[in-house]
Amino acid sequence: MSKNPLYRGDGKDSVCVPNPKADDSIVRHIMYFEGPGRETPYLSTSEEYELAEEFSNGSVWETFVKIAKKESVQHINRTELLSLMKGNGKGKAKWPNAFEVMQARRYVEQWGEHLLDFRNVDDPSTVTKKNFQNHETSFLSELLVQRPSIWGAWFGCRLLCYA
Amino acid sequence: MHKKILNFPDGTACGSHLRKDLTLGRASEVSEIHKKKYPVELICRINDGKHYDRDVSDDQKDMELLKRDPVADTVTDYGELGSTIESLAQLKAMPGVRAELAMLSLGRGYTNNCVLNNGKWTSGVHLYWWSRRRLSHIPEVQVTDLRSVGATQLSRQIDLTSWSLVMLRLTFIEDIITYARCEGDPLGKISSLTEQAALSLNTFNLNNLAKWIKSEAIPQLDAQLSKNRYVELANQLHSERTGAEAQQNAALDGDSAGDSSPPES
């Protein structure tokens, strides 16, 4: 079990609350098809503070696997995610479109992504509050994680609007 | 289409956005969801859906600065004075992955617009052929082409970026195949190349991808659209265009003759 913190970019005042009963497809979650406000039983986190900061909407939040597990939150680490996402995927990463599985795999690798799985959590609102600490208050600065790379994955230049 | 510089490109979107990491049909489906969240006419923050003036610019000074970069210069001219295909041809001739990325992304939009406006799949045939010719070449991504290295080593990020660009070539070609299928053209018989690639290759190894393209993808493409057939289609397009221009000129001549004819007494 990793002793290193996991970071999440999210709102200034709170981390968004997952829905344990929502569709639990991992590829659907990572590919962010439904955009902001979508229902998901997972929270994306990153190993890297700077990467989480890129997705921040006001704050970067921090948690530890040990703390999460105490509250019945499961941790799906990056290595496990990568191993699940080959071909049409395995387990909860099974998906009818192999190309989308591959794209999701690329994002996991690129963003050092780990998932926190709330499917077995009864009170996700309380657990989310207990789990995450604002990095600004716990350390020095702030962060956030979301998934802009998918919407605006245009490397190189600022030309999105011309398409 | 917005003609603005994005100051916060990774964090903003609008209702017209078409994802480049999805095939045509899937990108269209997701775009419908996207349109419900973001207005078409405004560029908004992805996170909160709000528009901030500081996120965009159409200031002339900013545009002039952008034009110092050859790729950006061509892209900012895109669509001006009906020069869309000329801009794409300029991008095709430029070295570097940024130019290719711009050509493929704009090319997807160009072909989609043509087809939506009752054009034929062949409106993208030149772009198809240009992409087909470079399909198996491994792109030479430079460090300066990257905005960040993410959670990976630099060399790995370059591999992931190269993979992404090669898959965008395949995605563009697949767009054309999809349009051809809708018109009953034999090119449309080819099944999803991105799917075939993802099922055949489990890693982001560029050499393996290039080998797969040479041995599997290109033979399928060339069996339906050989160079000879491409030349025929190109000539046909040229004739149609020349014919349309001649008709237009004749109509204009007729109008001006009418204008100059003396009034009947």
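The values are calculated or read from the model by the stated rules, or taken from the named source; none is laboratory data. This structure is a prediction, so every number in the text was calculated from the model and none was measured. Cβ coordinates were reconstructed from backbone atoms using ideal geometry, including for glycine residues, and neighbour counts include every protein chain displayed. Please note that ligands, DNA and RNA were not included when accessible areas were found on the heavy atoms of the full protein model with its side chains. Shrake-Rupley method; radii C 1.70, N 1.55, O 1.52, S 1.80 Å.
In the structure shown, do any of A:LYS129/B:LYS37; A:LYS94/B:LYS92; A:LYS94/B:LYS37; B:LYS4/B:LYS92; A:LYS94/A:LYS129 have a Cα-Cα gap over 32 Å, and if so which? Too far apart for the 32 Å limit: A:LYS94/B:LYS92. Working note: Karplus 6.51/-1.76/1.60 with θ = phi - 60° gives the stretch A:33-39 the couplings 4, 8, x, x, x, 5, 8 Hz, where Gly and Pro are set to x. At a threshold of 30 Å², the residues of the stretch B:43-78 that become less accessible to a 1.4 Å probe in the full protein assembly than in their chain on its own are B:ILE46, B:ASN47, B:VAL75.
3J(HN,Hα) along the stretch B:137-152, derived from phi through the Karplus expression 6.51 cos²θ - 1.76 cosθ + 1.60 where θ = phi - 60°, amounts to 6, 7, x, 9, 7, 9, 4, 5, 7, 9, 8, 7, 9, x, 8, 10 Hz, with x in place of Gly and Pro. Karplus-derived 3J(HN,Hα) values for the stretch A:93-98, using 6.51 cos²θ - 1.76 cosθ + 1.60 with θ = phi - 60°, are 9, 5, 8, x, 10, 5 Hz; glycine and proline are entered as x.
Residues whose amide H comes within less than 5 Å of that of B:ILE43, counting only those at least five positions distant or on another chain, are absent (H built at 1.01 Å from N in the peptide plane).
For chain B, what does the helix formula give at 222 nm: sum of -39500 (n - 2.57) over DSSP H segments with n ≥ 4, over the residue count, nearest 500 deg cm²/dmol? For chain B, the value works out to -18500 deg cm²/dmol.
Any chance you could run the full-extension gain for B:LEU116 through B:ASN228? It's 0.36 nm times the residue separation minus the Cα-Cα distance, nm to one decimal. Display every interim value, and only then the final one.
On the way: separation 112, 0.36 × 112 = 40.32 nm, distance 2.77 nm.
Extra length available between B:LEU116 and B:ASN228 comes to 37.6 nm.
The accessible surface of chain B, taken with every protein chain in place and a 1.4 Å probe, is 51 percent carbon and sulfur. Ligands, DNA and RNA are left out, and with a 1.4 angstrom probe the accessible area of the protein assembly as shown is 47 Å² per residue. Mean separation of Cα pairs under 8 Å and 6 or more residues apart, divided by the residue count, gives chain B a relative contact order of 14 percent.
Using a 1.4 angstrom probe on the protein heavy atoms only, line up A:ASP13, B:ASP10, B:ASP145 by accessible area, largest first.
A:ASP13, B:ASP10, B:ASP145
Here B:LYS3 is the anchor, and the aspartates and glutamates within straight C-alpha reach of less than 16 Å, apart from those fewer than 8 places off in the same chain, are B:GLU41, B:ASP53, B:ASP55, B:ASP58, B:ASP59, B:ASP62, B:GLU64, B:ASP73, B:ASP77, B:GLU80.
Rounded to the nearest 20 debye, the dipole magnitude of the stretch A:94-136 is 120 debye, with +1 charges on Lys and Arg beta carbons, -1 on Asp and Glu beta carbons, and the Cα centre as origin. In a simple Cβ point-charge model (Lys, Arg +1; Asp, Glu -1; nothing else charged), the protein assembly as shown has a dipole of about 1660 debye relative to its Cα centre.
Write down the percent of antiparallel bridges among all DSSP beta bridges whose residues are both part of the protein assembly as shown, to the nearest 5. Please list the in-between numbers first.
Numbers: 21 of 22 bridges.
The antiparallel fraction comes to roughly 95 percent.
Explain nothing, just the number: relative contact order of the stretch B:31-151, from Cα pairs under 8 Å at least 6 residues apart, as a whole percent. Could the numbers behind the result be given before it?
Values: 63 pairs, mean separation 16.7, N = 121.
About 14 percent, as a whole number.
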